[in-house]
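The values are calculated or read from the model by the stated rules, or taken from the named source; none is laboratory data. What you see is a predicted model, and the numbers here were worked out from it, not measured in a lab. Because the Cβ atoms are built from the backbone with ideal geometry, glycine has one as well, and the counts that use them run over all protein chains shown. What goes into the accessible areas is simple: the full protein's heavy atoms, side chains included, and nothing from ligands, DNA or RNA. Shrake-Rupley method; radii C 1.70, N 1.55, O 1.52, S 1.80 Å.
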Amino acid sequence: MTGRSTRFQLWRFLKVALLSALLLVCVLLVVATIRTLTLDVNEGLGLARWEEKEIVPFGISPLQRQQLLDNFKAAIRIPTVSFSDTELNYTALREFRDFLPTVFPTVFASSLVKYELVANYSHLFTVPGSDPGLQPYMLIAHLDVVPASEGDGWEAPPFSAQEMGGFIYGRGTIDDKHSLMAILQALEYLLQKGYRPRRTLYIGLGHDEEVNGLQGAMSIVRKLQSRGVKLSFVLDEGLSVIDGVIDGLTEPVALIGIGEKGQATVKLSVTTSPGHSSMPLRESSIGILAAAVTRLEQNPIPSMFGLGPELATFEHLAHKFTLPLKFFMTNLWLFSPLIGRVMEGKPDSNAFVRTTTAVTMFNSGIKINVIPPYAEAFVNLRIHSAQTLQEVLEIIRDIIGDERVKLELVNGFDPPRVSSYDEKSFGFQIIKKTVLDSFPQVTVAPGICVGNTDSRHYVDLAKDTYRFTPTWFKKGDLRRFHGVNERISAKNYEDLVEFYFRLIQNCDIRKLPEPHGSLHDL
């Protein structure tokens, strides 16, 4: 009797547990379905009333359109290459310095603009606003480029600015002379039309960004700090408009960078006794180091997906995905572990979910019959926003797990702080509005840059720092960064000029409108 009663109670408990589990699953499915049908975090300011302001129309003549393209091509033809932090093409930098006043005469002659040459080759422009009570902002770009050789497989010489099929080819067309020239071209047109900004604008153009900006950007920052300048926001290069790049998205997406990964270069080395190759020891310096490197590659640093701002990217884009992906993307609270695992499967998306580890150099050996006493390797780390440099170094030591391998930090820095992107974020919302003014068909979302820009040097000057240019990329185009056949369409470059032309005017509102939700609550 007792055994039968126990079995009955156990069966009753299992039924209750099963029904409870089924009920929980049903509730989760209902919540997830409702969220799939209703979630749109982009609602809000798009429905609010922006401050009414007279806007100067962009309208340019066919002659001006040809001239702005000619100016841009001329900039590409100047090979302002940075080879290392001590080896730059100074002849080209001087040529570019003399070139700018010839193509932007109004900017350099205007009584409204204060121009300063910084660190011999960088440039700082100050355009005072008519209302000193409004906090200023800053647009930054860089004029140096990475090396390029026609022998690498370019369809056109990399410094020819040759136009083919509607595209202008050349090193710097998307990194970063396109934004530099477009910013100054937009300011040139505004000044010609008699526009005076209400909010003070700074423009900083660095000459050594590709080798860390230690002379250009940092000298500009020190100059502004000495004057007590505090900025509302800084806008630099970074993310862009991507079209057809993300699976499941049928519409173009403008990603505004709200942060970037940190970076570190680590040197690993092993020292053993030398010897003759005819009498090898059981382990050599090369073998010990190779084993350590293999452990790093086979044991990636754990995924941090969901712990950083990359989650906000998918939340802003979720309602634009097609089914069934839309169901998962709108319910990351439930499916983020699954989405994270999927993203780990591809190198380009894997970079967004974790600190990446790349072994980039391995050196050892002096002679074919000598067992080398020393071996070294260099590892480049791109640090996720949710981690610190010190945390990553400790993880690397644990993965290597061999005291014979010496670990030295060559250089590195923590990820810069993540900038705000809510409805009260002046810089983000102004950039977003300008994007939608220029390209109403796109969806705007915050994003994280996996590379680094000069913007990290400005974080102490500005409340927020953003990384975006309205450069359009189709699938495969992202490989052109620092790669072969870097190019931009002539139409897209003209779009950039118009974007900055609009942005400068949009920044002149006194404050953001009340969010739609706040108006609703009233």
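In summary, the convex hull built on the alpha carbon positions of segment 228-321 has an orientation-averaged projected area of 12.6 nm². Note that segment 282-294 has calculated 3J(HN,Hα) couplings of 5, 10, 10, 4, 5, x, 4, 5, 4, 5, 5, 5, 4 Hz, one per residue in order, obtained from phi through the Karplus relation 6.51 cos²θ - 1.76 cosθ + 1.60 (θ = phi - 60°); glycine and proline are x. Among the listed pairs LYS114/LYS424; LYS53/LYS424; LYS424/LYS475, give every one whose C-alpha distance is greater than 24 Å. LYS114/LYS424; LYS424/LYS475, as the Cα separations exceed 24 Å there.
Add -39500 (n - 2.57) for each DSSP H run of 4 or more in the chain, then divide by its residues: what number comes out at 222 nm, to the nearest 500 deg cm²/dmol?
Working: 15 runs with 192 residues, N = 522.
That comes out to -11500 deg cm²/dmol.
For segment 258-398, the alpha carbon convex hull comes to 129 Å³ per residue, rounded to a whole number. The amide H of GLY275, built 1.01 Å from its N in the peptide plane, has ILE371 as neighbours under 5 Å, considering only residues 5 or more places off or on other chains.
Sorting check: for 331-337, 283-289, 314-320, which peptide has the highest mean count of neighbouring beta carbons within 10 Å, and how do the rest follow? All intermediate terms of the calculation are to be shown ahead of the outcome.
Working: 331-337: 15.9, 283-289: 19.4, 314-320: 21.1.
Top to bottom by mean Cβ count within 10 Å: 314-320, 283-289, 331-337.
Applying the Karplus relation 6.51 cos²θ - 1.76 cosθ + 1.60 with θ = phi - 60° to segment 170-181 yields 3J(HN,Hα) values of x, 5, x, 5, 10, 7, 9, 5, 5, 6, 4, 5 Hz, where x marks Gly and Pro. Can you list residues from other chains, or at least 5 along the same chain, whose modelled amide H is less than 5 Å from the amide H of THR443? Hits under the 5 Å cutoff: VAL253, ALA254. If you wrap the tightest convex hull around every Cα atom of the chain and split its volume per residue, you get 217 Å³.
Charges only on Cβ, +1 for Lys and Arg, -1 for Asp and Glu: so what's the dipole of the chain about the Cα centre, in debye to the nearest 20? Before the final figure, lay out the partial values.
Values: 53 positive and 57 negative charges, 257 e Å.
So the magnitude is around 1240 debye.
With a simple spin-label model that places each label point 7 Å from the Cα along the Cα-to-Cβ direction, the separation between THR102 and GLU403 comes to 6.6 nm. Look at the dipole of segment 113-175 built from charges on Cβ: of HIS142, GLY166, LEU117, the Cα furthest out on the positive end belongs to LEU117.
To the nearest 20 debye, what is the magnitude of the charge dipole of segment 260-413 about its Cα centre, counting +1 on the Cβ of each Lys and Arg and -1 on the Cβ of each Asp and Glu?
Numbers: 14 positive and 14 negative charges, 57 e Å.
Taking the Cα centre of segment 260-413 as origin, the dipole is about 280 debye.
Across all directions, the average flat footprint of the convex hull enclosing the Cα atoms of segment 439-501 is 6.0 nm².
A probe of 1.4 angstrom, applied to the heavy atoms of all protein chains, finds ARG417 with accessible area near 120 square angstrom.
Grab the Cα-Cα distance for GLU394 and LYS474, subtract it from 0.36 nm times how many residues apart they are, and report the gain in nm with one decimal. Walk me through the intermediate numbers first.
On the way: separation 80, 0.36 × 80 = 28.80 nm, distance 3.87 nm.
Full extension from GLU394 to LYS474 adds 24.9 nm.
Only protein heavy atoms count here; under a 1.4 Å probe, GLU188 has an accessible surface of about 10 Å². To the nearest 10, the accessible area of LEU503 is 0 Å² with a 1.4 Å probe.
Solvent-accessible surface of the chain, averaged per residue with a 1.4 angstrom probe and all protein chains in place: 47 square angstrom. Proximity of backbone amide H atoms, modeled 1.01 Å from N, is registered between GLU486 and GLY170 at under 5 Å, excluding neighbours fewer than 5 places apart on the same chain. Pairs of lysines in segment 260-413 whose Cα atoms sit within less than 29 Å of one another amount to 10, provided the residues are eight or more positions apart or on different chains.
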